[in-house]
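What follows is one structure encoded as structure tokens, with my remarks underneath.
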């Protein structure tokens, strides 16, 4: 049992998905999906324990050894992210019941849950696998599932957003495939470990350069790096609320994992940062992303869209951390990966509660909600403070490390720009606070009640996590530092 | 209450929480009892680090006690009690709760043993106090409060940046002497300076304080700037630059106070002027000077509070605060008038009043340490204080020509609060040793020697004489509250004549620069924000343009890597 954990992690949601078809009844499915999620979560915790005990776990699928068969490799980095993905997925699914009931017909819900499970499968598969082509396969599984989820939003624009995401996602996936194909051509292997061994022999060829470029651009499209983010705002804004929570918190994070895995473990630090113009590209795009997306966020009237843009800017911070190319920078990225997932889960779940009661996420609808839905609004405000980087929230911790990393490398101007990004975050959060707390309620919505507990409690779990991990940083900082060391260690 | 580890700010925050869920008399009782209990708790706390824990590899000392912070802790408790008593009749939850939280934040800030804790309370001070300004609930006060908040939060942000640099360079966040050396220390210095109302950074004081509620201003006058004085005294004692800054602060507000009509704004200017004395003391940095600075802060909270309270009472009863629209109130508010004059006498440093025993310390320190010019300028500004705060305030509010306003004495709680302040002012003036024993250093200083008393009395009496004479000669119409007694009439004419055009051009240039900057910024923002608010599909990009970006990026990357 124990040695099968890596595959269990992926197979549980994968098998759970078709069973949902058999169960059919939405209420049954809801509980079943929750159980599957909890199981996946437990498996991920056990995996981390195993990794802590035995070091990297290697699992050969079907007993076929690595060069021929597919291999799953779980080290501290994937185990850490698996916990993140499964825990967020589990808590989100708790809120799914009431939120979905409000947002889609009962008959469609089962399909949503199936897509949700498949998306989870894809994300966990990407994390678990040690095979480059497998990454592509799971990436497609998760992407196709997310297109489906987004298309199920009750706004007609969701179809359009989903279609656009489909086009862009497919281009991204194709680029990744081209990159992998070129690597395969040069080395004759798809196993990441083998790739890492064989690539150095041929790394000074234009083919490998091209492979790297295609792969990088493809992944950056997936993780919505500015200016390849254009699909993201609409996709997040018009998807069902639960899908938004899940995708915003996990899917871009996993894409960042793919980026890290390939530039550090497969291509190696030496190649990625010295032969390739990675620092210049990542730092400049990351910075522009931070500033530009924050500015755009200030002008948004659709609040889900506002936070979607804020996601783009937060991704900029993570990319910036990678671009610095030092251990502290990578630690900052890993921290922000985790912390941003917490912030956005809290905010988008609270927004789900708001949609449940108010039915709109237009800023005008927020007038007076501070009094009518104090707990829901408080969740958004705390999440927002965390986005800004207030001390005692997780946002502060990751900003602190990012600034520390920048100062270590003596990049003062960049540090200043990062702080300006924080100021811009104050601007877009404040707009919301002002409307919610200082504007009188509109005439026709005097009587909104608090969001249902089924949504409020999961949201507040995330809010409390936001504060808890902002004060007790031993778990997150420790793991982030170790994973950063791990990535650098592999490089050497 | 019973354990020394409990941080001094905790009772205030707990009290505020309890007060939030109570009403009426119970809440009033809680508001009054909180500072008393907390003060009793503070009396039992010994010197040393009481509460600390680890935070990201740094030692957070949330509650650190020494003589300097204790002095400020005591006066903040006294001030909190007096303010609460003065505001007892107010039935506004917003003001009551934020007042308590504000006082608690100030107490927390002075007992912060490390910079991170200081920063947290620094920001809390700003956030909690702004509600006292907004509580006036007018458009004007909303805007003033917003400006106040922006400046205060900005000061916090600068402080945070400074702290990050500081921690990075010195590998410690201990809040001790910093001294001006590297970038980090300058950033922290500027952050302190904003809160301390350094010249050119002072506008928020005179902008926001007069807009707060009659009771809110009393709160505001007690805490924010004094926390900054405390922070300076701890981090930058003996920084010579502070002497120059302090002297400027002591002198320049006098001219503005002269031409100002809103009496609470006059007091705000006079507040900057008094802080100037403290800053000079910190800048000189000898034990006597530091003693003088902090004891003057102690006294200033009392007498400036008293003056703000008396003006608050006038505003509360008449609804007017402009010097030109008041006058003759002594007939209907005799007690308030007398209490106001006690405050005026204290701020003017009459012997036997509290201002005398602390101001003279700074002056002595200045002349002892070779700052003769500073002494002279301080003397000049002391005379200026006597004019604008000592005479102008009581004269135009309570005497001058009769404005015909007939009212009554303010509510009992207001009178009582003012009386307590007045008694303390006189008590400290008569028996300064009580205050001196609390000071951080023991210097054996005695304010009541012949030279001091004579100099000060002469200064005051000749000023008063001049005022009386000018008034009898009808040289100054009482509607124009601008009498500057100590400066020759030439200066009176000359200064505005020079300053007005100078400032006019200065502001014009400033406006032009800001305007062009804003235009550039708006243009840039417009360019970046392609997605304008309507948020309709037509505004979002087409898939084609997204693909173009993908190919551009790929091309750039390939070109760069083949290079």
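The values are calculated or read from the model by the stated rules, or taken from the named source; none is laboratory data. Since this is a predicted model, take the numbers as computed values, not measurements. Don't worry about glycine lacking a Cβ; one is built from the backbone with ideal geometry, like all the others, and counts go over all protein chains shown.
Brief remarks on what is shown
- Hey, residue B:562 over 28 Å from residue A:309 (Cα atoms), at pLDDT below 80 and within 14 Å of chain A (Cβ to nearest Cβ) or not: yes
- Residue that is nearest to residue A:161 (Cα to Cα) [pool: residues in the stretch A:225-246 that are assigned to a loop (DSSP other than H, G, I, E, B) and within 11 Å of chain B (Cβ to nearest Cβ)]: A:231
- Restricting the search to helices (runs of 4 or more DSSP H) fully inside the stretch B:196-281 and requiring at least 2 residues that are under 24 Å from residue B:356 (Cβ atoms) and under 13 Å from the mean Cα position of the chain (by Cα) gives B:216-235.
- Test: residue in the stretch B:410-421 that is assigned to a loop (DSSP other than H, G, I, E, B), assigned by TED's automatic domain parsing to the domain that holds residue B:324, touching a residue at least 60 places away in the same chain (Cβ under 8 Å) and surrounded by fewer than 18 Cβ atoms within 10 Å (Cβ to Cβ): yes
- Some residue of the stretch A:254-271 being in a helix (DSSP H, G or I), at the interface with another protein chain (Cβ under 9 Å from one of its Cβ atoms), crowded, with 22+ Cβ neighbours inside 10 Å and touching a helix residue (DSSP H, G or I) at 6+ places or on another chain (Cβ under 7 Å): no
- Selected residue (criterion: surrounded by the most Cβ atoms within 10 Å (Cβ to Cβ)) from residues of the stretch A:389-401 that are assigned to a helix (DSSP H, G or I) and within 11 Å of chain B (Cβ to nearest Cβ): A:399
- Residue count for the stretch B:172-189, restricted to those that are in a loop (DSSP other than H, G, I, E, B) and under 23 Å from residue B:48 (Cβ atoms): 6
- Among residues of the stretch A:196-224, those that are more than 12 Å from every other protein chain (Cβ to nearest Cβ) and in a helix (DSSP H, G or I), counted: 7
- Every residue from the stretch B:79-129 that is within 14 Å of chain A (Cβ to nearest Cβ), more than 19 Å from the chain's Cα centre (by Cα) and over 19 Å from residue B:69 (Cβ atoms): B:93, B:94
A quick yes/no check of all residues on (1) assigned to a strand (DSSP E or B); (2) under 29 Å from residue B:291 (Cβ atoms):
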residue	(1), (2)
B:5	no, no
B:29	no, no
B:32	no, no
B:35	no, yes
B:38	no, yes
B:53	yes, no
B:70	no, yes
B:82	no, yes
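- Selection from the stretch B:50-67 of residues that are within 14 Å of another protein chain (Cβ to nearest Cβ) and under 23 Å from the mean Cα position of the chain (by Cα): none
- The single condition among (1) more than 15 Å from residue B:346 (Cα to Cα); (2) touching a helix residue (DSSP H, G or I) at 6+ places or on another chain (Cβ under 6 Å); (3) at pLDDT below 85; (4) assigned to a helix (DSSP H, G or I) that residue B:390 does not satisfy is (1).
- Filter result for residue B:36 (more than 14 Å from chain A (Cβ to nearest Cβ), surrounded by fewer than 20 Cβ atoms within 10 Å (Cβ to Cβ) and modelled with pLDDT of 90 or more): yes
- Those helices (runs of 4 or more DSSP H) lying entirely in the stretch A:277-363 with at least 3 residues more than 14 Å from every other protein chain (Cβ to nearest Cβ) and within 21 Å of residue A:80 (Cβ to Cβ): A:303-324, A:327-358
- Leading residue by the ranking (farthest from residue A:389 (Cα to Cα)) among those in the stretch A:468-492 that are buried (at least 17 other Cβ atoms within 10 Å of the Cβ) and either within 14 Å of chain B (Cβ to nearest Cβ) or in contact with a strand residue (DSSP E or B) (Cβ under 6 Å, 6 or more places away or on another chain) (or both): A:481
- One residue from A:35, A:7, A:45, A:12 being under 14 Å from residue A:130 (Cβ atoms), within 25 Å of the chain's Cα centre (by Cα) and in a helix (DSSP H, G or I): A:7
- Inter-residue pairs, beta-carbon under 7 Å, first within 13 Å of another protein chain (Cβ to nearest Cβ) and at positive phi and in the stretch B:160-180, second exposed (fewer than 13 other Cβ atoms within 10 Å of the Cβ) and not in a helix (DSSP H, G or I), 6+ apart: none
- Answer residue from the stretch B:548-559, given it is within 7 Å of another protein chain (Cβ to nearest Cβ) and in contact with a helix residue (DSSP H, G or I) (Cβ under 8 Å, 6 or more places away or on another chain) and is farthest from residue A:229 (Cα to Cα) among those: B:558
- Leading residue by the ranking (surrounded by the fewest Cβ atoms within 10 Å (Cβ to Cβ)) among those in the stretch B:131-148 that are free of Cβ contacts under 8 Å to residues at least 60 places away in the same chain and under 19 Å from residue B:100 (Cβ atoms): B:131
- Tally, over the stretch A:179-192, of residues that are on the phi < 0 side of the Ramachandran plot, more than 14 Å from chain B (Cβ to nearest Cβ) and more than 25 Å from the chain's Cα centre (by Cα): 8
- Scanning the stretch B:287-294 turns up at least one residue that is crowded, with 24+ Cβ neighbours inside 10 Å, within 16 Å of the chain's Cα centre (by Cα) and assigned to a helix (DSSP H, G or I).
- Hits in the stretch A:433-456 (condition: surrounded by 16 or more Cβ atoms within 10 Å (Cβ to Cβ) and away from chain B (no Cβ under 14 Å)): A:436, A:441, A:445, A:448, A:451, A:452, A:454, A:455, A:456
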